[in-house]
Structure formats: C-alpha cells, structure tokens
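The values are calculated or read from the model by the stated rules, or taken from the named source; none is laboratory data. Model, not experiment: these values are computed from the prediction. As a convention, Cβ positions derive from the backbone with ideal geometry for all residues, glycine included, and neighbour counts pool all protein chains shown. Ligands, DNA and RNA are stripped out before the accessible areas are found, and what is left, the full protein with its side chains, is counted by its heavy atoms. Shrake-Rupley method; radii C 1.70, N 1.55, O 1.52, S 1.80 Å.
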Amino acid sequence: MNGGAVSGFIARQVRGQDTPWANDYSAPVAQFSNAFWLVRVFYAMTLYISYTEMRVLWDIARTAEGISPLWPVWWVSDPRTAGVFLLLALLFAGLLGVLFTSSRPVRVVVFLAILEATAYRFSFGGINHLNHTWLWVAFCFAFLPSGSQENVAESAAARRQYLVIFFATQGLLAVFYTLSGLMKAFWGLHAVMTGQTGSFSPFALAVLTADRLMQVPDASSILGVFLVDHPWLGWPAHLWVIYVEVVAILIVFRPELHRLWGIFLVMFHVGTFLLLGISWNPQIVLLTLLFLWSPFAPPFNLARTIAAIPGIDLLLELRTLLRGGALARGEARR
Amino acid sequence: MCIGRRFIIFLWVGYAVLAVGSKSYLKATDDPAVEVFPFFTWSLFSKVQDPREEFAIEVEMLDGQQFAPPVDVLELAVPRGLFRETPIAVHKSIQALAQSNGDGRRLAFEGNYLGGHAISYRIVLYRFDPMDRWRTGNRGSPKILGHYQTKEQ
C-alpha cells in the first residue's frame, strides 16, 4: 500500500461524517435539540447523584479525623466542618444545575462543586474512580454556550459550538475506554514477551476475578465463582472487552456505531457486576446519554452498521482492493 | 483546522498526555500518590499479577483481645464496625499507605478507620498465586514490614 493509500485509509477511519468533526457539518437543529435535552437529563442525574453523595459525605464528615488532602481541597484543615459544607454545596449546586441548565456560570459552579466534593471524598487514602466520568462530563458541559434552547437554535454558530462540545464529551468518554483497553493490551503484550500471565492469557479473567473476590471478603459477585471454576469461559469475554475498549475512540467518528457500542459498553459493565461485584450506576446513565441516545446516530441500518465495525471495515476494504486489482488485471489481458 | 477540531484534539490528547505523563512521573520519582487527581490512566485490571504481591494490615490485639495468628483487618472490619468505607476503598488505602514514606498516611488511616479502638497491628507483604490461594486458601508466609499501635493504647 503506498503513502497516499495509507493516508486515505486513516482519513476514512476518522472522517466523522455527519458529526461536528466533518468540515461540511451543518449543525442540524434536530441534532441540537436532542443534545440540549440530553444535557438537561445530565443535570437531573447530577442532582440525583448529589443527593446520594450526601450520605457518603456525611458518613465521612461525622467520623473523619485525619486528612491527606488532594490538591482541590488543600484548604481543608477541619475535615468534619468541610465535609458538611461540601455536601451542602454539592446539593445546592445540583439544584442550581437543574433550575438554570442554560447558564454557563451555573454549569461552572456545578463542575467546581463536584470537583471539590469528589476530591474531599478521596482525601482519606485510596482514590476510587466511580465519580471521575461524572466529573469530567460536568467539566466539558461547562463549556456549552449559554442561552435558552430557542436562542441557541436560532444561530448556526451557536448550534455548532454546542454540538462540538457534546461531540468532544462523547470522545473524552471514549478516550477513557481506549486508554483502559490500551493499558490491558500493553501489559498483555508485555506479559507475552516475558512469559508471564497477562491480559491475553486464557485464564486472565479467572485470575483477576479470583483475586478480586479474595481482596473484598463481602464482594457480591453472582457469576465470579462459576467463572473461576471454569476459567476457559473467560477468555473470549476478556479478548472481546479489550477489543471493544481499544477501538472506542474510533467509534466516535462512526455515528452509525454509537448505539451499538453503547450497548457493548453497558454489557461490559453488566459483566463486571456479575463477575467482580462492581456496580457503576452513573456510568450506565452516561453511556445512555452519550452513546445509546447519541444525537449524531442515524436511523438504524443493519448493513451500514456491520460495515462500519472496526476490523470488518478493514476486511471489506481489502476485498474491494483485491477486486479492483483483479478487474485491472482482467482489463490488461483484454 | 477549525476551532472545533482544535478544541476536541486539545481536550482528548491533553487528557491522555496528562494522565499517562503524570502517572509515569509519579512512578519515576517514587511518589506514593496513585495519580494526579482527577487525571486517571484508566488502567483497571490491566496487569494480571501471577504471582501477586499484596500488602495487608493484620490485627494482633483489638481492645485487649489477642489474635494469634493475627487477623486481616478487612475480615474484622464488618463484624466489628471498624470503618464505613467500602472494603475495596480500604484495601486501596492499605496498599497506598504500605508503599508510602513517613507516618502521614498511616496516622490518617488509623484516625479514619481504626479510631476509637486500641489496636496493635502489623503491616505485612504477601506474595502468592491467586488461583492457588483461591483453591487452597493459602496466601503463603507474610513478610513483616513493621509493628504499630493506635494512639488509644
């Protein structure tokens, strides 16, 4: 394949047709209206999480003695008072976010409240990452332009700006999954080269599951014990997860796959719950908002969807190339 | 290149570079911090450690009651109500404090999770085959890294 063919191939991988990535993108009003309502649902979810976080923060605040503050809460000297202040601030910001979703300053306040509350929660030793995606989506949405739905819809530039931010947010979530997949692939290859057990080993998922269940004595795993007793069953599932994660960033540029990958990623989290007992409730809502209900997803078409799947698209491309070569040879013979 | 694309690339690439770069920096400088919050590499279950190395806190005496052999604090946590955080969060805290220098993390851990109890404990390192441990329950012999007492003694 020559240089032009390679660059053409890469360009096709990230063409982003009918998304804000495309040069000829017109920011349709219908896509904007969908995105606008999805953002509103995100702030409803934020209020819900703020409410559920109250209990967690209160439990910390009423018993906290020492603190190893993460940088956003460097100012905390009395962790008990700070905990109460932050749980109230988070709840108040959550309410503001629902009432004034269209206001950028309010969205900035919501992001700062989530940042502070999350940093406080994890300033007592280990960092858990269940709130990280919520935090980063709030960060991205703070950049959305201010204005009512009608006002933004009227201006093509404002609509475009809104949808660019929404698309960037989808992509950032995909970057998280791609990083996760690349880490598994990297350490998996490293293990292959050093002759150790790694991500690509047949028993990898069983070893991870056994290890996790022993780490957490009261882990509520439903299928974990079964998998550890039948370790081969985990191999295809683990390879599938690595593939789904690694290519996630490519999916953002292929709106026909947004829903399918949303389903795949939700299934992945269902799997981690069944095997490892890890439930990540907000992530399921985020995947629904950003992928399953993606404003850029076209009406479902089975052939187009299958043809866009990374790997299958390569095979189709190869078939086209081979056919083209055969035709050219046929012409030459004549 | 339009502004939209620049913003998108800046956000995605910027995040990835900061997450991976800061993690590499912390590792290279032997910093006990796990990450520069909130930049996380999303390296979850990436390494299949076999054999696995794991730190543990084992209680030797709790409010006057002696344990011989010492008992993992995670096994005592729920029945004794030692702490309210999820066991995995406490497990992560133990891994972080065992690898940290100085007493800061340990004292914070004692204050938050063991406060109100008179506890003698030891920090140990285990090295084991996870599948073997699963089948036999054998975690091997611990390497003792230090003995400590909470301030309520």
- [ ] Evaluate E = 1/(1 + (r/R0)^6) for B:ASN138 and A:GLU65, where r is the Cβ-Cβ distance and R0 equals 45 Å; express this FRET efficiency to the nearest 0.05.
- [x] 0.80
- [ ] Would you mind calculating the gained length between A:LEU223 and A:ASP24 on full extension (0.36 nm times residue separation, minus the Cα-Cα distance), in nm to one decimal?
- [x] 66.8 nm
- [ ] Please state the charge dipole magnitude for the range A:242-334, taken about the Cα centre, from unit charges on C-beta atoms (+1 on K and R, -1 on D and E), reported in debye and rounded to the nearest 20.
- [x] 500
TODO: Could you work out the mean projected area of the convex hull around the alpha carbons of the range A:65-150, in square nanometres to one decimal?
DONE: 5.8
Open item on the list: As an exercise, use a Förster radius of 56 Å and the Cβ-Cβ distance of B:GLN149 and A:SER33 to find the FRET efficiency, rounded to the nearest 0.05.
Closed with: 0.30
Task: Ratio of the Cα radius of gyration of the range A:1-143 to 2.2 N^0.38 Å, where N counts its residues - done: 1.40
Task: Helix A:3-13 axis, angle to chain A major axis (alpha carbon atoms, nearest 10°) - done: 50
Open item on the list: As I understand it, the dipole of the protein assembly as shown uses +1 on the Cβ of Lys and Arg and -1 on the Cβ of Asp and Glu, about the Cα centre. Which of B:VAL13, A:VAL164, A:VAL225 lies farthest toward its positive end?
Closed with: A:VAL164
Task: trypsin sites (Lys or Arg not before Pro) lying in DSSP loop within the range A:230-326, provided at most 15 other Cβ fall within 10 Å - done: none
Open item on the list: Which one, A:ALA303, A:PRO202, A:ILE249, is farthest towards the positive end of the dipole of the range A:179-331 when Lys and Arg carry +1 and Asp and Glu -1 on their Cβ?
Closed with: A:ALA303
Task: Relative contact order (%) - chain A, alpha-carbon pairs under 8 angstrom, separation at least six - done: 18
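Rounded to the nearest percent, how much of the accessible area of the range B:34-75 (1.4 Å probe, protein heavy atoms only) is carbon and sulfur?
Using a 1.4 Å probe with all protein chains present, the range B:34-75 comes out at 55 percent carbon and sulfur.
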Task: Exposure rank, largest accessible area first [A:LEU289, A:LEU99; 1.4 Å] - done: A:LEU99, A:LEU289
Task: Shape of the protein assembly as shown, Cα gyration tensor, a/c cut at 1.5 - done: oblate
- [ ] Determine the dipole magnitude for chain A: charges of +1 sit on the beta-carbon of Lys and Arg, -1 on that of Asp and Glu, nothing else is charged, the reference point is the Cα centre, and the result goes in debye to the nearest 20.
- [x] 920
- [ ] Give me the Debye-computed log₁₀ of I(q)/I(0) at q = 0.19, 0.24 Å⁻¹ for the range A:135-202, equal point scatterers on Cα only, no solvent, two decimals.
- [x] -0.76, -0.95
Task: All lysines inside 17 Å of B:LYS27 as judged from Cα atoms, apart from same-chain residues fewer than 8 positions distant - done: B:LYS47, B:LYS92
TODO: Rounded to the nearest 0.05, what FRET efficiency do A:THR320 and B:ILE9 give with R0 = 35 Å and r taken as the Cβ-Cβ distance? Could you check?
DONE: 0.75
Open item on the list: Using a 10 Å cut-off around each Cβ of peptide A:204-214, what is the average number of partner chain Cβ atoms that fall inside?
Closed with: 6
Task: Surface accessible to a 1.4 Å probe, per residue, for the residues of the protein assembly as shown, Å² - done: 47
Open item on the list: Helix A:29-63 against the longest principal axis of chain A: what's the angle in degrees, Cα atoms only, rounded to the nearest 10?
Closed with: 40
Task: Dipole of chain B, positive end: most advanced residue of B:VAL59, B:TRP42, B:VAL73 [Cβ charges, Cα centre] - done: B:TRP42
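Within chain B, which is the longest segment that contains none of the trypsin sites (Lys or Arg not before Pro) sitting in a DSSP loop with at most 16 other Cβ atoms within 10 Å? Can you show the working numbers first?
On the way: sites that count: B:ARG84, B:LYS151.
Longest run free of exposed loop sites: B:1-83.
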TODO: Assign one of three labels to the range A:80-205, namely rounded, prolate or oblate, based on the Cα gyration tensor with a ≥ b ≥ c the square roots of its eigenvalues; rounded applies when a/c is under 1.5, prolate when it is not and a/b is larger than b/c, and oblate otherwise.
DONE: oblate
- [ ] Sum up the charges of everything whose Cβ sits under 11 Å from the Cβ of A:LEU257, counting Lys and Arg as +1 and Asp and Glu as -1, but leave A:LEU257 out.
- [x] +1
Open item on the list: Can you tell me the orientation of helix A:79-99 relative to chain A, as the angle in degrees between its alpha-carbon axis and the longest Cα principal axis, to the nearest 10?
Closed with: 60
Open item on the list: Need one number: buried accessible surface between chains B and A, 1.4 Å probe, both sides summed, DNA, RNA and ligands left out, in Å² to 100.
Closed with: 5500
- [ ] For the range A:176-320, give the magnitude of the charge dipole about the Cα centre (Cβ charges: +1 Lys/Arg, -1 Asp/Glu; no others), in debye to the nearest 20.
- [x] 260
Open item on the list: Leaving out ligands, DNA and RNA, and with a 1.4 Å probe, what % of the accessible surface on the range A:198-266 is carbon or sulfur?
Closed with: 76
Task: the range A:162-307: equivalent-ellipsoid semi-axes (sqrt of 5 x gyration tensor eigenvalues, Cα, Å) - done: 30, 18, 14
Task: Surrounding net charge for A:ALA119, when Lys and Arg each add one and Asp and Glu each subtract one, Cβ distance under 15 Å - done: -2
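Per DSSP H run of at least 4 residues, take -39500 (n - 2.57); add these up for chain A, divide by its residues and hand me the 222 nm value, nearest 500 deg cm²/dmol.
Calculated at 222 nm, the ellipticity per residue is -23000 deg cm²/dmol.
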